[in-house]
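First comes the structure, then the notes that go with it.
The values are calculated or read from the model by the stated rules, or taken from the named source; none is laboratory data. Model, not experiment: these values are computed from the prediction. Cβ sites come from the backbone with ideal geometry, for glycine too, and all protein chains shown count toward neighbours.
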C-alpha cells in the first residue's frame, strides 16, 4: 500500500479540502452524485450502453521527471508488469523496463503513437521487455498488471474505475497524472511537482468485495 506523502501539504487549499473530505463523504455519497458532480456512488455507475460519449483524450507527453516520480510512487521493481493506458510514445513503460527492469504493456488508440512507441523501445534496447497494442481501453484486459499508469481525463478515469477494480489483483498499484477519481476512490497518495499533481491508489480486498457485489 502507498505511504502517505508530505507533498499533500503543498496542494492548494481548495484541492486539499476536497481530497481530505473524500473519505468522510463516501457514505453520504451512496445515494447521490459524487465529487465534482461526476463521481457516482457505486450502485449508480451506469452500464456502458447508458454512458455519455467520452471526450477525446489529447496526446500530451509526460515529462521524464514526472515519469520517474510516477514509477517511484508505484514502487516499480523488476518483477512488476506495468500497464500504461493511453501510452503515447511509450516512455512510461520504456522507462519502467530500462530503469527498473520491469516488463510493460502500452495501450493506445492512435496507430501512429504505437509505431512511435515501438521505435522508441527498439532505440532503448528494451523491445523484448515491452509490448504496445492499438486497442480500446474499455475492451482490454488489465488483469496481468501489477501497476497501472494513467494520463487520461477525469471522466475517462471514472468510467475505467470499475474495470480496474474488477480486473486488477489485490495489491496492484494505480498512479494517475493530473486526474483523480473523485469521492468514489480517494487517493492514498498525492504528490505535487511544479504545476503537476500525481495521485496513487492500491487495490484492496475491500474494493474487490465491493465490486464483486455488483451486477
Hey, could you check the stretch 100-120 for residues that are touching a helix residue (DSSP H, G or I) at 6+ places or on another chain (Cβ under 7 Å) and part of a helix (DSSP H, G or I) and say which is farthest from residue 68 (Cα to Cα)? 120
Being closer than 23 Å to residue 65 by Cβ, in contact with a strand residue (DSSP E or B) (Cβ under 9 Å, 6 or more places away or on another chain) and modelled with pLDDT of 95 or more: is that true of residue 133 here? no
Mind checking which residues of the stretch 50-75 are in a loop (DSSP other than H, G, I, E, B), out of contact with any helix residue (DSSP H, G or I) (no Cβ under 9 Å at 6 or more places or on another chain) and at pLDDT below 95? 53, 56, 58, 60, 63
Of the conditions (1) surrounded by fewer than 16 Cβ atoms within 10 Å (Cβ to Cβ); (2) over 27 Å from residue 184 (Cα atoms); (3) modelled with pLDDT of 95 or more, residue 114 fails just one. Which one is it? (1)
Restricting to the stretch 121-133, name every residue that is assigned to a helix (DSSP H, G or I) and either crowded, with 20+ Cβ neighbours inside 10 Å or on the phi > 0 side of the Ramachandran plot (or both). 121
Whether any residue in the stretch 171-186 is in a helix (DSSP H, G or I), touching a strand residue (DSSP E or B) at 6+ places or on another chain (Cβ under 7 Å) and surrounded by fewer than 21 Cβ atoms within 10 Å (Cβ to Cβ) is what I want to check. no
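In the stretch 117-164, which residues are free of Cβ contacts under 8 Å to residues at least 12 places away in the same chain and either closer than 21 Å to residue 214 by Cβ or under 12 Å from the mean Cα position of the chain (by Cα) (or both)?
139
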When you look at residue 78, is it under 20 Å from residue 146 (Cβ atoms), surrounded by fewer than 20 Cβ atoms within 10 Å (Cβ to Cβ) and either under 19 Å from the mean Cα position of the chain (by Cα) or modelled with pLDDT of 95 or more (or both), yes or no? yes
